[in-house]
Amino acid sequence: GVKLLLHGLCSNTTVKSLDLKGNNLRTMGAEALGKLLRQNKSIRSLILEWNSLGVWEEGFSFFCQGLGANSFLQRLDLRNNQINHQGAGELAMALKQNTSLQELDLRWNNIGLLGGRALLNCLHSNKTLKRLELAGNNVPSDILRAVEQAMDHNQDRQTILSETQNRVYVLSKEVLSLKDEKTKQFLDLMDAIDKQREEIARSGRMSAARVSQLQEALDEQHSIMNSLKAKLQMTEAALALSEQKVHDLGELLNATKQEQNIMTERHFTELQQQKQEGADREGKLLRDLSAASEKNLLLRNEVDELEKKCKVQQDQLFQVKQDLTNTTAELKLRAVQAEERLEMEKRRFKQSLEDMESLRLKEVDHMTQHIEASERSMQDRIRRLEAIRIGLEEELSQVKAAALTERGQAEEELIKVRNQARLEEQQRLEHLEEKLRLMTESWDEAQNCCLKQKQMVAEAQAKASQLSLHADGLRRRLEELQQDLNSKEEEKVTEVNKVKVELQEQIGHLQAERTAQEGLREKIAALERQLKVLSSNHREALLDKEGEIAMLLEKLRMKEADISRMREEEAQRASFLQNAIMAYVQGSPLGTQSSRK
C-alpha cells in the first residue's frame, strides 16, 4: 500500500508535508521513499517515526541515496527507527551531497560513537543543516557539543549570506540609479551642446556671405572649443561624483567605528555585571553552607545530649538493681507498692522514649527537607550559571563573527575604492593626454590656417579692412580660451593631488582602525580566558561543596544507625530487667503467698 501511495506522489506538485509515522515500512517501502525523494519536488517535511528503517540495510541505503539526490526537502524525522552506526554513515554520505535539508531528528536510535563521528565529519561539508537532534543514541557529550557548535556555525553562515545578499541587492539598486542619473546628465549635456551648435550655425550662416573662407576656419575652431568645453564639463561632473563617493565612504567608516565602540562598551559593562552577579551568588552559597554546617553542629550537640541521657538512665537502672539486691526484705513487705512504682516508671520511660523519638523524627524530617531544598536551590543556581556562561559564549561568538564580517567588508570597500580611484586617475590621465594631443593638432592646424589667412588678408587688405579687425577680435578670443584651458588644467592637477592626499589619509585612518580592532581582539581573548578560569573555579567550588554535603549526609546516616542500635539495646535491657523482676517476685515467699491466696 505504501509503495502505491508513494508511486502516486512521485508526480504530485501540491503536497508539502507527508506523515508516515508507525506504518511498519520495510525494504520495499524504503526503496519507494528513495524513489520519491529523487523525483518529487514539492515535499518539504517528511515524518518517518516508529518504522524500523534501520533494520533493512539495503532499503535504508537506497533511501539515503534518494536523500542525497534531493534538493527540496527541508525537514526529516527519523526517531525510533533502530538506525545503527552503519546507517548513520550512509546518512552522513547523503548529507554531504544534500543542499536543502535544514532539520534532522535522529533521537532514540542506536547510532553510538562511530555514527556520531561520521555525522560530525559530514557537517564540515554541509552548510545548510541548522538543527540535528541526537538524544538517546549513546553519543558522547564532546561529539554532541561539537555538533551543536557546527549547527551554530551553519546558522551564522546563513545569516551572513542573507545579509550579504541584501546588501548586494541594495548596492545594485544604487548602482542602477547612479547609471540612470549619469545617462540623464549626459543627455542633458548633449542637448545643451546641440543647442549651442545650432546657435553657432545660425551665426555662421549670417556671416557666410561676407567672409566664407575665414568663417569656415573659425567655425571649425568654435566646434573644437565647444567639444573641449563639453569634455571639461563631463570631467568636472565625474570629479564631483567621485568626491561625493569618497565623502560617503568616510561617513560610513565613521559610523562603523562608532558602532564598534558602542558594542565594545556594552559588552564590557555586561561582563562586569555578570561578574558581580556571580560573586554575589557565590557569597549566598557560602552563607547557606555555613548555615547548614551550624545546623549540623546543633544536631550533633543534641545527639550527644541524648547519649548522655541514655547513660544516666543506664546508671539509674544499675542503681535500681543494687537497691533491689540490698532491700530484698523491704520488697517482701512492700511488693505491691514496688510493682505499682515499677509500672509508673515504665510508663514514664516509655513516654519519654516516644517523645524523644517523635522529636528526633521531626528534626530529621526538617533537616532532610532543608537539605533537599538547599540541593534544589544549588542545582537551579548551577543551571542558571551555566545558561549565563552559554549566553556569554554565544554573544562572544556573535561579536567575533560581526567583527570579522565588518573587517572583511571594510577591506573589500577599501580595495574597491582604491581600484576605482586608480582607474579614474588612469582614465583622467589618458583623457588629458588625448586633450593635449588634440589641442596641439588643433593648434598646428590653426597656425597653418592663420598663415593662409594672413596671405589672404595681405592680398585682400585693400578690399576689406573690417575683416582684418574681426579676425583680430577672434584671435583675442582664442587666446583667452587657451588661457582658460590652461588654468582649468592646472586646477584639475591640483584637485587630483588633493584627492591622492585624501586617499592616503583615509588609508592611514583605516590602518589605525585595524590596529584598534586587533587590540579589541586581544582584549576579547583575555576576557575569554578570565571567563574560563572563573568557570573552572566555580566548578571546583561546587564539586567541593557537593563532597562536603555527601560527607555530612553519611555522618547523619551513621548517627541514626547508632541511635537505632542504642534504642534496641535499651529495649532489650528493659525486657531483661522486667523478666528478672517478675522471676524474682514469683520466686520470693511473698509471691508464693499471693499465689496461694
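The values are calculated or read from the model by the stated rules, or taken from the named source; none is laboratory data. Only a predicted model underlies this, so the values are computations on that prediction, with no experimental measurement involved. Note that each Cβ is placed from the backbone with ideal geometry, even for glycine, and that neighbours are counted across all protein chains shown. Just so you know, the surface numbers come from the protein's heavy atoms only, side chains and all, with ligands and any DNA or RNA stripped out. Shrake-Rupley method; radii C 1.70, N 1.55, O 1.52, S 1.80 Å.
For this structure, a couple of remarks:
- Remark: pairs (first residue in segment 272-293, among the hydroxyl-bearing types (Ser, Thr, Tyr); second residue crowded, with 16+ Cβ neighbours inside 10 Å; Cβ separation under 9 Å; 6+ apart in sequence or on different chains) = 293/552.
- Within segment 139-154, the presence of at least one residue that is of a type outside the set (D, E, K, R), in a loop (DSSP other than H, G, I, E, B), under 29 Å from residue 23 (Cβ atoms) and within 26 Å of the chain's Cα centre (by Cα) is confirmed.
- For the residues 539, 521, 557, 475, the requirement of being modelled with pLDDT of 85 or more, in a helix (DSSP H, G or I) and either of a type outside the set (A, V, I, L, M) or surrounded by fewer than 12 Cβ atoms within 10 Å (Cβ to Cβ) (or both) singles out 557.
- Pair list, Cβ under 8 Å, 6 or more apart: segment 343-357 residue farther than 15 Å from residue 577 by Cβ, other residue surrounded by 10 or more Cβ atoms within 10 Å (Cβ to Cβ) and modelled with pLDDT of 80 or more: 357/567
- Residue 147 being open to solvent by 80 Å² or more (accessible area, probe 1.4 Å) and of a type in the set (A, V, I, L, M, F, W, C): no
- Some residue of segment 198-213 being within 60 Å of the chain's Cα centre (by Cα), among the hydrophobic types (A, V, I, L, M, F, W, C) and assigned to a helix (DSSP H, G or I): no
- Among all positions in segment 89-96, there is at least one residue which is closer than 24 Å to residue 66 by Cβ, hydrophobic (A, V, I, L, M, F, W, C) and open to solvent by 30 Å² or more (accessible area, probe 1.4 Å).
- For segment 497-513, a residue qualifies if it is open to solvent by less than 100 Å² (accessible area, probe 1.4 Å) and not hydrophobic (A, V, I, L, M, F, W, C), and the qualifying residues are 497, 500, 502, 506, 508, 513.
- When restricted to residues that are more than 22 Å from residue 88 (Cα to Cα), part of a helix (DSSP H, G or I) and either touching a strand residue (DSSP E or B) at 6+ places or on another chain (Cβ under 8 Å) or open to solvent by 90 Å² or more (accessible area, probe 1.4 Å) (or both), segment 1-60 contains 5.
- For the residues 161, 171, 129, the requirement of being assigned to a loop (DSSP other than H, G, I, E, B) and either surrounded by 11 or more Cβ atoms within 10 Å (Cβ to Cβ) or modelled with pLDDT under 90 (or both) singles out 129.
- Within segment 246-267, considering residues that are in contact (Cβ under 8 Å) with a residue 12 or more places away in the chain and of a type outside the set (A, V, I, L, M), the one nearest to residue 428 (Cα to Cα): 250
- First in segment 100-113 and at positive phi, second anywhere and open to solvent by 10 Å² or more (accessible area, probe 1.4 Å) and part of a loop (DSSP other than H, G, I, E, B), Cβ under 8 Å, 6 or more apart: 108/79; 108/80; 108/135; 108/136; 112/84; 112/138; 112/139
- For the condition closer than 30 Å to residue 456 by Cα and in contact (Cβ under 8 Å) with a residue 40 or more places away in the chain, residue 185 does not qualify.
- Here the condition is being at pLDDT 75 or above, out of contact with any helix residue (DSSP H, G or I) (no Cβ under 6 Å at 6 or more places or on another chain) and assigned to a helix (DSSP H, G or I); of 307, 282, 277, it holds for 277 alone.
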